[in-house]
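The structure under discussion appears below in the form of structure tokens.
A short reminder: the numbers here are calculations on the coordinates, not readings from a lab. If you're wondering where the values come from, they're calculated on a predicted model, not measured in any experiment.
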Amino acid sequence: MINRVKALFVERRGAPQVRDAGHSHEELRIAAAALMVEAAQLDDTFDARERDKIRELVTARFELDAEEGDSLIEEAEARVADSTQIHGFTRVIKAKFGQEERIELVEMLWEVVYADGELHHYEANLMRRLAGLLQVSDRAAGAARKRARQRLDNSGARTN
């Protein structure tokens, strides 16, 4: 089991290039997934649609299979449960992701927030805070939100 978990975080060929700032790829993946889990749980509901959206996003972004994606989400859930703040996660992201990758992450977070079909005011507040902590401008965050909504609208998901 431990070898399977370790294998989950082994750097893969063709994985996105990120800046080296002393954080492992494992930390980066967990931090990104933890922010998605935090966004999904903020309205006190973490339903199957949100979990499926997170799995879809992390498996595509980090080139994982479904089992690896589920393991990453479980680890992220545990980290979120043990954490009292999001600053540790955003610090890892800022250290490892360039500006475009941080914008891409904000867009993925918007997809998670909208996965259940509604935007709760706590979720909107979190997204504003995350954009600031990730040093993504209001303009870039707004464009990311618009792209996420368009993608969900085109896939048949309803958002408000």
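Can you list the aspartates and glutamates whose alpha carbon sits under 13 Å from that of residue 146, skipping same-chain ones fewer than 8 residues off?
Straight-line reach from residue 146, under 13 Å: 104, 107, 111, 138.
Just report the Cα centroid separation between the range 87-121 and the range 63-80, whole Å.
16 Å
Skipping prolines and chain starts, which residues have an amide H placed within reach, meaning under 5 Å, of the one on residue 98, given they are 5 or more residues away or on another chain?
Placed amide hydrogens put 19 under 5 Å from residue 98.
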